[in-house]
Structure formats: C-alpha cells, structure tokens
Amino acid sequence: MNRAVIDHRGPEFQALGLALLENVKWVFGTRHPVFIYPSSATGAWEAALSNTLSPGDTVLAFQQGFFAERWARSAARLGLDVRLEPWDAAVGLDPDRVKEILVADTRREIRAVLVVHNETSTGVTTDLEAVGAAVRGSGHPALLMADTVSSLAATDVQHDAWGVDVTVSGSQKGLMLPPGLSFTAVSPRAMEARETSRLPCAYWDWGDMLESNRDGFFPYTPATTLLYGLAESLEMLREEGLPNVFARHARFAEATRWAVRGWGLEMVARSAGSFSNAVTAVRMPEGHDADAFRAVVLDRFDMSLGTGLGDLKGRVFRIGHLGDINELTLVGTLAGVEMGLALADVPHQGGGAAAAMDHLKETSSAGGGR
Ligand SMILES: *Cc1c(COP(=O)(O)O)cnc(C)c1O
C-alpha cells in the first residue's frame, strides 16, 4: 500500500479499478455489482438503506447484539420505522422465526430484513444461508440485507446463492486491511428498489457508482492506497483458497474455545452452531471487571483484547482470531490471556493455552505451516 497515489481519473487507475471491481465479486459470491466506498462499514449500512427504501418504510431487525442494534439505529435516524424484535443474543437467529414474522405480515409492510451474519459483540454467527431460504421461502417481497463485516473472508458468504439483496462489509476485518473501505454487494432486486426509493441519497448513490464503475472509475476520489491493499488481500485469499481460509478460521476458533473451557470460563455464545469463526467473547467471572483485566494485559504484554460492547461493557472480553494469523500468533494471544488472568487475579484454571496447543497440534497438517 505504501506506493505513490496515482491520478484516479487516469489510465493506470482505470486498469486497477476494472480488475478490482471484477475480482472483488468472488469473495462475496456474486456476479452482480459490488460498490466500494471510502468509508467505514457504518457508511455501507446507510448505503444499503438509503438506496432502496422510502421514509416511513418498515424494516425488521433483531436484538442480535451491539452491531445489529446500531444498524437498526441508523435506520431509525434515516426516518425508517424500525421493528426491533427481541432475540436471545447468545444464539444465532432462528430462520423459522424470521419466516413466521414475514408470513404474519400479510399487509406486506416490512420492506427490508436486517441480519448481522456474525455479531462481533457476542461472537455469535447466524446461519445466513438458512435465513435467506426462510425469507425467500416465505413468499414475502422484503429485501434481505446482511451485515458481513466480520464474517467475510472468515466464514463463507454467498450473496447470490443465498438470496441476499444487499451484503454489507468493510475492509478491516477478514480482508486484513486497515479501516477505510466499505462494500455493498447489490442484487438486481435491490437495484430495482432504487428506482422507487425516496430516502435522500447523495454520497451513497448506487446510480453514480454504477455509471463510473463501468469504466473502472469512481464518482469521487477513491481511497487509492487502500485499493492497492485490497488487490493484494484478494490475491492472498486466492493463493490460500477460500475453503482453506474458512477451515483455518474454524480451526483457530475451535482452539480458542478449548482454551476458554480450559480456563473454566464461559463464552457468550451458547450453542455449537452459533460459534463464530472470527471472534470469541468470554464472560468475566462475577465481581471482576473485564476492562481492568484488559488493561493489565495491555500494560504487561502490549496486547489489546476486544472490549465488551453495549450491555456487555465490563462483563466480557473478546479474543479476535481472524485475518492474517497463524498457529503461533494464536498461541501467543492465548498465552497472553492466561498470564493476564493470573496477574489480574481473575479466578480461573491454568492450562487453557496448553489445551489449545493440543488441539492445534492434533489438527496440524503437513505443509500447513507454509
Ligand atoms: C466492525 C463492525 C461494524 C462496523 O464497522 P465500522 O467500520 O466501524 O463502521 C459493523 N458490523 C459488524 C458486524 C462489525 O463487526
């Protein structure tokens, strides 16, 4: 990424833009346009809503956790009527429940369903394929919008095959890039919804994007150096192969859970089918502050653990295990947690990191260390 910024209206950029806009589709599992914004992923939430909906439209969201509720809040701020359904955040969304709500909406008031694929605040993944099948199977015309910010390139995402209308993502998680790029993959149905949408939409307008992107350009100044990085990150994912990338994440997530169980601590995620490939949220024992523990780990070992977000503030710390990591970075992370638990006098059992090492050792493969 540390290269000279080139003229973003010139031929050299055009070649980069054309290749990237085509290549990025692969990681989203789509043949349709993927728009790339110079923004955080929160911007892409807004792009998804403001291109497709009209003031007062009803959108359905679930209390999956901090990010799902933030997206719902964005929708409310844009003037949409948000129906926020209660949900037990410790488990992934139940597709049958989604279907039931849509079937009961006989007046077809719900215009969009917002689903967070991997809720980063809880480490809980929803079976997006099953939710897609439920939405489509309900016969309801609502658009399905999925936040894949922390699932993309850590867990399989299939925009077309799963019937998702808008897939939102960002650069700084599984894509291994610094923050600063966001994405919306857009189905033909969502593109069609744009024709009748009446929410104000300027910066995020897909029409402008589509027109400029056709020639490899952007309607405004793109984040050129991040695009250099994106080209490289896609190349890295191609070299490893997406199925291998997902298997690596699943294995590291499993090793992390071995460590947590070894410490005698509890995860936020409750059911096996809901465990995240990307992040594990760990509950602090009663009477202990997760942020005080995190501060000890940062001070002693220069390692940042994720903080508890929203309601989970102080009650949870999060171990990230996504992106450009290998066995030894993971083991180092888990060792740092274990030493920190002891130094911060958090009640736990020793041997969690060793349990994770056992799992990694038993599941290692020839050439896996590359
Ligand atoms: C990180 C994250 C976001 C927010 O991304 P920003 O780039 O901070 O706007 C949204 N959703 C999920 C699931 C995330 O993990």
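The values are calculated or read from the model by the stated rules, or taken from the named source; none is laboratory data. The structure displayed is predicted, hence computed values, not measured ones. Every residue, glycine as well, gets a Cβ built from its backbone with ideal geometry; the counts of neighbours run over all protein chains shown.
Quick look at the numbers
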item	result
Scope the stretch 179-195; condition surrounded by fewer than 24 Cβ atoms within 10 Å (Cβ to Cβ) and within 11 Å of the ligand (Cβ to nearest atom); matching residues	179, 180
Candidate set from the stretch 128-154 (those that are away from the ligand (no atom under 11 Å from the Cβ) and touching a Gly at 6+ places or on another chain (Cβ under 8 Å)); member that is nearest to residue 54 (Cα to Cα)	144
Hits in the stretch 210-245 - residues which are under 17 Å from residue 322 (Cα atoms) and in contact with a strand residue (DSSP E or B) (Cβ under 7 Å, 6 or more places away or on another chain)	230
Within the stretch 239-256, considering residues that are in contact (Cβ under 8 Å) with a residue 24 or more places away in the chain and charged (D, E, K, R), the one nearest to residue 156 (Cα to Cα)	251
Residues that are acidic (Asp, Glu) and more than 13 Å from residue 265 (Cα to Cα), drawn from the stretch 331-370	345, 358, 362
Members of the stretch 155-170 that are surrounded by 24 or more Cβ atoms within 10 Å (Cβ to Cβ) and more than 8 Å from the ligand (Cβ to nearest atom)	157, 159, 164, 165, 166, 167, 169
Residues being of a type outside the set (Ser, Thr, Tyr), within 22 Å of residue 190 (Cβ to Cβ), within 16 Å of the ligand (Cβ to nearest atom) and touching a residue at least 60 places away in the same chain (Cβ under 8 Å) - total across the stretch 89-126	1
Subset of the stretch 240-266 [of a type in the set (A, V, I, L, M), under 19 Å from the mean Cα position of the chain (by Cα) and crowded, with 21+ Cβ neighbours inside 10 Å]	245, 253
Residue list for the stretch 66-122, restricted to those being more than 19 Å from residue 271 (Cβ to Cβ) and either assigned by TED's automatic domain parsing to the domain that holds residue 271 or small (Gly, Ala, Ser) (or both)	72, 74, 75, 76, 79, 104, 112
Answer from 66, 62, 35 - the residue that is within 16 Å of the ligand (Cβ to nearest atom), farther than 28 Å from residue 243 by Cα and in contact with a strand residue (DSSP E or B) (Cβ under 6 Å, 6 or more places away or on another chain)	62
Filter result (in contact (Cβ under 8 Å) with a residue 60 or more places away in the chain and either part of a helix (DSSP H, G or I) or buried (at least 17 other Cβ atoms within 10 Å of the Cβ) (or both)) within the stretch 278-305	278, 279, 280, 281, 284
Residue 74, sole failed condition from (1) polar (S, T, N, Q); (2) in a loop (DSSP other than H, G, I, E, B); (3) within 14 Å of the ligand (Cβ to nearest atom); (4) under 14 Å from residue 166 (Cβ atoms)	(2)
